[in-house]
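J.: Here it is, the structure, as C-alpha cells.
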Amino acid sequence: MVSSIGVIIATHGSFSEILVETTELILGRESGLAPFTFSEGETPRESSRNLQTLIRKTDRGQGVIILVDLFGGTPGSLALSLLEEEAVEVVTGVNLPMAITAATLDPALDLASAAQQLVEGGRQGIRGAGLMLDS
C-alpha cells in the first residue's frame with residue numbers, strides 16, 4: 001500500500017540513494033522514496049530549485065515529507081527554507097528504520113501524523129544491543 005504523502009530523502013553525498021536502494025532490497029519492491037543528493041559543486045540556489053522540482057514531482061496531493069541527514073546541514077537547511085513555500089514537513093536524522101517506515105506509511109495519515117510516525121520509527125530502530133543482552 002503506497003502512502004498518498006510523498007517522501008524525499010535528502011542527504012550529503014550518495015547516502016540518500018543508498019538508503020533508497022537498501023530499503024527496496026529489504027522490502028523486495030519499489031519503495032516510492034525519492035533520493036535527493038546535495039552536490040558540492042551546486043550553488044544553494046541551484047540546489048533549492050532542484051529540490052523544489054523534486055518536491056513537485058513527488059507530491060501525490062497530500063504534501064511531501066523530506067527526511068534529511070543532519071539538522072543544520074545544507075540538505076536540511078534547503079528543506080527548511082521551503083517549509084512556507086511548499087506543503088512539506090521536514091524530519092531530521094534519517095536512518096534505515098525511518099526509511100522503511102516511510103516506504104510503508106499508512107495512506108490515511110495526514111502530513112503531521114506521518115512525520116510523527118517517521119520520528120518514532122527512526123527512534124525505535126536505535127538500540128544498544130549489548131545493553132539489551134545484559135538486561
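Bear in mind these aren't lab numbers, they're just calculated from the coordinates by the rules spelled out. Please read all numbers here as calculations on a predicted model, not as lab measurements. Cβ sites come from the backbone with ideal geometry, for glycine too, and all protein chains shown count toward neighbours.
J.: Could you list, in sequence order, the residues of the stretch 106-117 that are surrounded by 15 or more Cβ atoms within 10 Å (Cβ to Cβ) and either out of contact with any strand residue (DSSP E or B) (no Cβ under 8 Å at 6 or more places or on another chain) or without any contact (Cβ under 8 Å) to a residue 60 or more places away in the chain (or both)?
T.: L109, A115, Q117
J.: Pick out the one residue from G41, G76, G72, G130 that is out of contact with any His (no Cβ under 9 Å at 6 or more places or on another chain), surrounded by fewer than 16 Cβ atoms within 10 Å (Cβ to Cβ) and in a helix (DSSP H, G or I). Please lay out each step first, then the result.
T.: Details: G41 fails: in a helix (DSSP H, G or I); G76 fails: surrounded by fewer than 16 Cβ atoms within 10 Å (Cβ to Cβ); G72 fails: in a helix (DSSP H, G or I).
Answer to the check: G130.
J.: I'm checking my understanding of the structure. Among residues of the stretch 57-69 that are part of a loop (DSSP other than H, G, I, E, B) and closer than 21 Å to G121 by Cα, which one is nearest to the chain's Cα centre (by Cα)? Outline the logic, then answer.
T.: So in the stretch 57-69, the residues part of a loop (DSSP other than H, G, I, E, B) come out as 59-63, 69.
Going one step further and asking which of them are closer than 21 Å to G121 by Cα, we end up with 62-63, 69.
Values: Q62: 15, G63: 13, D69: 8 Å.
Among residues in the stretch 57-69 that are part of a loop (DSSP other than H, G, I, E, B) and closer than 21 Å to G121 by Cα, the one nearest to the chain's Cα centre (by Cα) is D69.
J.: State the number of residues belonging to the stretch 90-105 that are more than 22 Å from S14 (Cα to Cα) and either buried (at least 17 other Cβ atoms within 10 Å of the Cβ) or over 15 Å from the mean Cα position of the chain (by Cα) (or both). Working first, answer last.
T.: So in the stretch 90-105, the residues more than 22 Å from S14 (Cα to Cα) come out as 104-105.
So of that shortlist, the ones also either buried (at least 17 other Cβ atoms within 10 Å of the Cβ) or over 15 Å from the mean Cα position of the chain (by Cα) (or both) come out as 105.
Total meeting the criteria: 1.
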